[in-house]
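Before any comments, here is the structure.
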Amino acid sequence: MDLQLENKKPDEELVFLVGREGRVEELSVTMEKYPVPIYKIVEVEADVMEFIRKLQRQSSKIRLETLATTTEGRKVPLLVIGDPVPSSPADLKFDDRAVVYFQANIHAGEVEGKEAALMLARDILQGKTPNYLDRLVVLIVPLFNADGNEKMSPNNRSDQKGPEKGVGIRYNGQNLDLNRDGMKLETPEVVGLVQNALIRWDPVFFLDAHTHNGSYHQEPVTWTWVLNPNGDPAILDFMADRLWPAVEKLMREQYGTLTIPHGDFMDVRNPEKGWVPLGPQPRYLSNYVGLRNRLSVLNENYPYADFETRVRGCYNLLRSFLDFCQSNRDEIVALVAEADRKSVERAANPNESGTFITEYDWQPIEQRFDILGYEMEVTDTGGPWPRVRPTEQKKTYTNVPYYARYTAKRTVRFPMGYFIAVQDPSVIEKIRRHGITVERLTEPAKLEVEAFSVTEITGSERPNQGHYLTTVKGEYSLEEKEFPAGTFYVSTAQPLANLAAYLLEPESDDGLMVWNTFDRYLASQWSREPREHPVYKLYRSANLVKETVE
Ligand SMILES: [Zn+2]
């Protein structure tokens, strides 16, 4: 690919780990009737582990933790890099280093992030980068989808330009897409991310590396920021107004790599009409982390750039984010702390009329940009999507609006807390897994709450991630209700209030309702009468006698 700017090379040669096949040894154990295959993992991406051990032999500034154990029994390595390397997050209590987190290979066919992240670990430990470790602790998960990674074949993502020997598959060992698991938390990998990285280490910055396949352009690296408007507005603005221009400039001037925000043409027949990113739902991990009041980035590299260009581009992007986080450490730490503080304060002040957005409008952000594209041949297919082919002829699409600002189309009131009127440990566990505090009444409480009566419940036509997604229609009403001792309660006076609301609001587009958690409580076996959503919203301050669920 003929780039206008040369991709500057990092000091060392590339790693190029991709392309070796792992071995899985199958042992068949015959139980009474049924032969049960048990997979004993002989080699867990042995070349990655060998590379990590090599780094450990060379440096005392790296420690290895386990992010998760996959359904096929593989341990997902989490590299902790610091100077000194902290033995646990508690060690950071008395110094002012901030934690940043990079993960790669969530879709195991999208592999350059793995190479780039390992190169970065090596270069930091060998002192070949600016001294990021003065102000930062760097967490790296090079192989997030370890099970998908082992299923390598040259037939996977065959349109992608390399690596030659093939790549892994998109899905994890449960045949689930890990970048759709941000809210339902049904995979060990994403549960591990939440528990062992986000809760345990509390990184202020998160990056999820992917390779896109969509619109044609010349820029090898794209990325975007938190898009969900139910997140903290100051964090959203900081990422669009400060982080994006600063990193775009670093990439261009310091690292010689062209970037544009991640997206696709809104209309291939009229490319200058608009550029559109992935949706705002927090099932996508970059949006999910944003709802947790932290800076978060989705990196998507360009699949038709050659492998080396993609690896170098992704490496440069990781470096640029470290440069930015190092120079702006104090401001970032203050920004996320302030977001947590505002979350707690909103619920403590019942006169504030906060809102939760249930439906979005979208519009362009103020800043427009140029896309170095190609003239395209567009052919009708009769279906909804035309066939698009780039020609050899380059063409710059100028002043393109970027539709990355989601705004409120419809809102509901933000409560002080939610009563959950079902004694169902699995529901409570789903909420607590995110790190949200759940309490339980130890004395009954009679008070006014808002109920949601379901008038219509619909399942999606096709299954999605093993679910027929539920949508409901209904009516809100204030009612006096008595909750017995033992009723669960989620206060929104906590840093994860935005996430709690997203999970518990009945009309949330990515909450527990959508993912079928409450189906059994909404539809009775014989009756067609509507049911009340078993979650009730509290708007007025009340002295509840309760204890925290441990
Ligand atoms: Zn992907």
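The values are calculated or read from the model by the stated rules, or taken from the named source; none is laboratory data. As the structure is a prediction and not an experimental result, all values here were calculated from the model. FYI the Cβ positions are ideal-geometry reconstructions off the backbone, even for glycines, and counts take in every protein chain you see. All accessible areas refer to the heavy atoms of the entire protein, side chains included, with ligands and DNA or RNA removed. Shrake-Rupley method; radii C 1.70, N 1.55, O 1.52, S 1.80 Å.
Side notes on the structure shown:
- For the range 530-550, the tally of residues that are hydroxyl-bearing (Ser, Thr, Tyr) and assigned to a strand (DSSP E or B) stands at 2.
- Residue within the range 91-103 that is open to solvent by 10 Å² or more (accessible area, probe 1.4 Å), under 22 Å from the mean Cα position of the chain (by Cα), aromatic (Phe, Trp, Tyr) and within 16 Å of the ligand (Cβ to nearest atom) present: no
- Checking 369, 452 one by one, the residue that is within 30 Å of residue 184 (Cα to Cα) and either modelled with pLDDT of 95 or more or touching a strand residue (DSSP E or B) at 6+ places or on another chain (Cβ under 9 Å) (or both) is 452 and no other.
- Any hit, the range 116-129, residues being within 16 Å of the ligand (Cβ to nearest atom) and more than 18 Å from residue 65 (Cα to Cα): yes
- The range 491-521: number of residues that are surrounded by fewer than 21 Cβ atoms within 10 Å (Cβ to Cβ), modelled with pLDDT of 95 or more and touching a His at 6+ places or on another chain (Cβ under 9 Å): 1
- Inter-residue pairs, beta-carbon under 9 Å, first free of Cβ contacts under 8 Å to residues at least 60 places away in the same chain and in the range 389-405, second outside any strand (DSSP E or B) and open to solvent by less than 70 Å² (accessible area, probe 1.4 Å), 6+ apart: 389/216; 395/271
- Note on the range 283-314: among residues that are part of a helix (DSSP H, G or I) and closer than 25 Å to residue 196 by Cα, the one that is farthest from the chain's Cα centre (by Cα) is 314.
- Residue that is surrounded by the most Cβ atoms within 10 Å (Cβ to Cβ) [pool: residues in the range 223-280 that are charged (D, E, K, R) and more than 16 Å from residue 364 (Cα to Cα)]: 232
- Residues that are over 30 Å from residue 496 (Cα atoms) and in a loop (DSSP other than H, G, I, E, B) do not occur anywhere in the range 222-239.
- Some residue of the range 208-216 being outside any helix (DSSP H, G or I), of a type outside the set (A, V, I, L, M), within 30 Å of residue 378 (Cα to Cα) and away from the ligand (no atom under 13 Å from the Cβ): yes
- Selection within the range 277-331: residues that are under 24 Å from residue 228 (Cα atoms) and among the basic types (Lys, Arg). The member of this set that is farthest from the ligand (Cβ to nearest atom) is 329.
- Scoring residue 289 on the criteria (1) open to solvent by 10 Å² or more (accessible area, probe 1.4 Å); (2) farther than 30 Å from residue 389 by Cα leaves a single failure, condition (1).
- Note on the range 329-343: residues that are in contact with a Leu (Cβ under 7 Å, 6 or more places away or on another chain) and open to solvent by 50 Å² or more (accessible area, probe 1.4 Å) amount to 0.
- Considering the range 169-207, and only residues there that are within 13 Å of the ligand (Cβ to nearest atom) and over 11 Å from the mean Cα position of the chain (by Cα), the residue that is farthest from residue 226 (Cα to Cα) turns out to be 169.
- Check on residue 317, closer than 15 Å to residue 221 by Cβ and not in a helix (DSSP H, G or I): no
- Number of the exception - residue 166 against (1) on the phi > 0 side of the Ramachandran plot; (2) within 13 Å of the ligand (Cβ to nearest atom): (2)
- The set of residues in the range 130-162 that are open to solvent by 10 Å² or more (accessible area, probe 1.4 Å), within 16 Å of the ligand (Cβ to nearest atom) and touching a Gly at 6+ places or on another chain (Cβ under 6 Å) comprises 151, 156, 157.
- Filter result (more than 30 Å from residue 497 (Cβ to Cβ) and either among the hydroxyl-bearing types (Ser, Thr, Tyr) or in contact with a His (Cβ under 8 Å, 6 or more places away or on another chain) (or both)) within the range 357-395: 371, 372, 373, 374, 379, 381, 391
- Within this structure, residue 120 fails the test of being open to solvent by 10 Å² or more (accessible area, probe 1.4 Å) and touching a helix residue (DSSP H, G or I) at 6+ places or on another chain (Cβ under 6 Å).
- Residue count, the range 471-490 (criterion: in contact with an Asp or Glu (Cβ under 6 Å, 6 or more places away or on another chain), open to solvent by 20 Å² or more (accessible area, probe 1.4 Å) and not acidic (Asp, Glu)): 4
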